[in-house]
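The values are calculated or read from the model by the stated rules, or taken from the named source; none is laboratory data. Because the structure is predicted, anything quoted here is derived from the model rather than measured. Note: ideal-geometry Cβ built from the backbone for every residue, glycine included; neighbour counts use all protein chains shown.
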Amino acid sequence: MVFAGACLGMLLFGIVMITLGSTLPDLRERYRISELQAGSMFSLLPLGILTGSFLFGPVADRYGYKGLLMVHSFFILLGLVGIAYSSDYLLLMVFVFLIGLGGGVLNGATNALVADISEQTKAARLGLLGVFYGIGALSMPTVLNLLKGGFRADQIMAWVGWSILLVILFYAWIRFPKPKQAQGFSINQAVRLVKSRTLLLAGFFLFFASGSEGLANNWLASYLEDQHTLSREQSLFCLSLLVLSLTLGRLVLGRVLIKYSSQKVLFASLLMQFVAVGILYSGQGYAWSLGAACLLGLGFAAAFPVILGLVAELFAQWSGTAFSIALVIALTGNMLINYLMGFLSELRGIGMLHYLQWVAILSMMSLLFLFFRNHKENIYSQSKNNQ
């Protein structure tokens, strides 16, 4: 039941990440906002997610997950319903931040919760949890397209918002694990975590992993139109296939990890990404672009579940705080790398995308080698201390 609750939270996060983009034309018309105002609105969403990612870990370790998930699910409800019913631009900005804040907490807390309740299958269960992000991300555009003939976007958004009451009631009903640090939050321990070389290596691996995913999600469609002269519909289908393959990859991740080690799976994933970017660079046409998008999605599937699973094993008593640190670094990478891509695109054109992707992949390979070497040293020292 707790795992089901975590999956519902990740489903909401998937919906959060796609809702504003899916409803932007309606929002611009109803609120009469300019391009600049729309940009400001979109910048508040990642700011809210970053804030939520920073806060959830210490709170979860100190007070547990129940209240945390209920309160921040309510924030998402308030944000969606507020956007649907309000007509004031300043209130719109507040509601967007609340949605981001709630989404950031739900993303981090559900990952940490699943890691806490899983014994030997942390990465596999985290991969399955990630499937529900894909379902949430794909569901909102689908619902809008199916219902757009009879209902307005703000009506659909309000219904989605009010339906979150069922999720909150479910959280109120089930019993969550007790807080791991009920005696209080230790600033000294948090400082030690921030200084942990293994955790920092994991965080900066996710820095480039998140940035690489962000580059694909935000720039791939435009790259295919510009560099491969694909139509808008073809480029968007490639992007949808990427998301679908990432989701399916996480669905089968557990079985793959039974046969192969985490280290082999991660290096194979990076090799898939490297080859996929090479195919995109060669520009062989639509069929090859579809294959590259599929391969790229599969390559993205393992990074977060496997690395977060290893972090949870190493920092079991402070998993929430450790996840907060790793996810804040990852989200920072997403924002900075995408900002860099915007700068390079303005300077040299969107063709710089594959170069930046390759730099990110090579950086991840180097960090992964250092992470596993340090990880083995930590396990060896822990076993000696236990003896």
Revision key, fill the gap. The residue that is nearest to ILE174 (Cα to Cα), considering only those in the range 1-21 that are small (Gly, Ala, Ser) and modelled with pLDDT of 80 or more, is GLY5
Exercise for review: State all residues of the range 63-72 that are among the small types (Gly, Ala, Ser) and in a helix (DSSP H, G or I); if no residue qualifies, say none.
Suggested key: GLY67
Exercise for review: Collect the residues in the range 277-328 that are part of a loop (DSSP other than H, G, I, E, B) and either touching a Lys or Arg at 6+ places or on another chain (Cβ under 8 Å) or on the phi < 0 side of the Ramachandran plot (or both), keeping them in residue-number order.
Suggested key: GLN284, ALA301, ALA302, PHE315
Check your understanding: Restricting attention to the range 116-142, and to residues there that are more than 16 Å from the chain's Cα centre (by Cα) and buried (at least 17 other Cβ atoms within 10 Å of the Cβ), which single residue is farthest from LEU246 (Cα to Cα)?
Key -> ASP116
Point to revise | Members of the range 235-294 found to be among the aromatic types (Phe, Trp, Tyr), over 23 Å from LEU126 (Cα atoms) and within 23 Å of the chain's Cα centre (by Cα), listed by number | key: PHE237, PHE274
Review point. Quick one: is GLY79 surrounded by 22 or more Cβ atoms within 10 Å (Cβ to Cβ), within 17 Å of the chain's Cα centre (by Cα) and in a helix (DSSP H, G or I)?
Key: no
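Please determine whether any residue of the range 165-178 is buried (at least 19 other Cβ atoms within 10 Å of the Cβ), part of a helix (DSSP H, G or I) and either in contact (Cβ under 8 Å) with a residue 60 or more places away in the chain or at positive phi (or both). Lay out the reasoning, then the answer.
First pass over the range 165-178, keeping only residues buried (at least 19 other Cβ atoms within 10 Å of the Cβ): 167, 171, 176.
Keeping just the survivors that are part of a helix (DSSP H, G or I) gives 167, 171.
Subsequent filtering for residues that are either in contact (Cβ under 8 Å) with a residue 60 or more places away in the chain or at positive phi (or both) retains 167, 171.
Checked the range 165-178: at least one residue is buried (at least 19 other Cβ atoms within 10 Å of the Cβ), part of a helix (DSSP H, G or I) and either in contact (Cβ under 8 Å) with a residue 60 or more places away in the chain or at positive phi (or both).
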Practice item. Name the residue, out of ASN111, ASN145, that is of a type in the set (S, T, N, Q) and either assigned by TED's automatic domain parsing to the domain that holds ALA312 or surrounded by fewer than 15 Cβ atoms within 10 Å (Cβ to Cβ) (or both). Key: ASN145
Review point. Does any residue of the range 314-327 turn out to be surrounded by fewer than 16 Cβ atoms within 10 Å (Cβ to Cβ) and either at pLDDT below 85 or not polar (S, T, N, Q) (or both)?
Key: yes
Check your understanding: VAL160 versus (1) without any contact (Cβ under 8 Å) to a residue 60 or more places away in the chain; (2) in a helix (DSSP H, G or I); (3) surrounded by fewer than 23 Cβ atoms within 10 Å (Cβ to Cβ): which is the lone unmet condition?
Key -> (1)
Point to revise | Residue satisfying condition, being closer than 21 Å to ASN217 by Cβ, at pLDDT below 90 and in the same structural domain as ILE279 (by TED's automatic domain parsing), within set LEU362, LEU344 | key: LEU344
Revision key, fill the gap. The correct count of residues that are more than 30 Å from GLN284 (Cα to Cα) and either touching a helix residue (DSSP H, G or I) at 6+ places or on another chain (Cβ under 6 Å) or among the hydroxyl-bearing types (Ser, Thr, Tyr) (or both) in the range 200-224 is 7
Check your understanding: So which residues in the range 231-249 are surrounded by 20 or more Cβ atoms within 10 Å (Cβ to Cβ) and over 15 Å from LEU295 (Cβ atoms), if there are any at all?
Key -> SER235
Point to revise | Matching residues, the range 49-62, being surrounded by 23 or more Cβ atoms within 10 Å (Cβ to Cβ) and either free of Cβ contacts under 8 Å to residues at least 60 places away in the same chain or not in a helix (DSSP H, G or I) (or both) | key: GLY52
